[in-house]
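For reference, the structure is listed below as structure tokens.
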Amino acid sequence: MTTIYGLKNCDTCKKATKWLDRFNVAYTFVDYRDNTPTPETLIEWGSNAGGLEALINKSSTTWRQLPDNRKGAATDAEWKLLLREYPQLIRRPVVITDDGEFSQGFSDNGFKKRFNID
């Protein structure tokens, strides 16, 4: 089964779950405001994304409202702390399939390719 991590009120997450419903792809949705990712999960996602900083949605309102000193994290520990404190900064949705494949974001064509749907 596929697990979708995101926020209940996120439009992109809603589009992704509607797409999965439309193509009958079984999934579980995890809201990471209610279930903040563990430090180990963040490290795993970061390694799949190319670093913890790559997980961050820098065009989000939350990012723009952060003080400048919080935006300049220099270490993985600082990025991890920031993501644990503000899980809404994680680019959405995070998609993990049973085979452990990781991706972030949603697009119709991207999901078609990801889930082998013509």
Looking only at helices (runs of 4 or more DSSP H) that lie completely in the range 10-110, which have at least 2 residues being hydrophobic (A, V, I, L, M, F, W, C) and touching a helix residue (DSSP H, G or I) at 6+ places or on another chain (Cβ under 9 Å)?
11-22, 39-49, 76-85
S103: passes all of (1) surrounded by 15 or more Cβ atoms within 10 Å (Cβ to Cβ); (2) at pLDDT below 95; (3) among the small types (G, A, S) but (2)
Criterion (touching a Phe, Trp or Tyr at 6+ places or on another chain (Cβ under 9 Å), of a type in the set (S, T, N, Q) and free of Cβ contacts under 8 Å to residues at least 60 places away in the same chain) met by exactly one of N109, N116, N57, N69:
N57
Could you list, in sequence order, all residues of the range 16-53 that are of a type in the set (S, T, Y) and under 23 Å from K112 (Cβ atoms)?
T17, Y27, T28
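The values are calculated or read from the model by the stated rules, or taken from the named source; none is laboratory data. Please read all numbers here as calculations on a predicted model, not as lab measurements. Cβ coordinates were reconstructed from backbone atoms using ideal geometry, including for glycine residues, and neighbour counts include every protein chain displayed.
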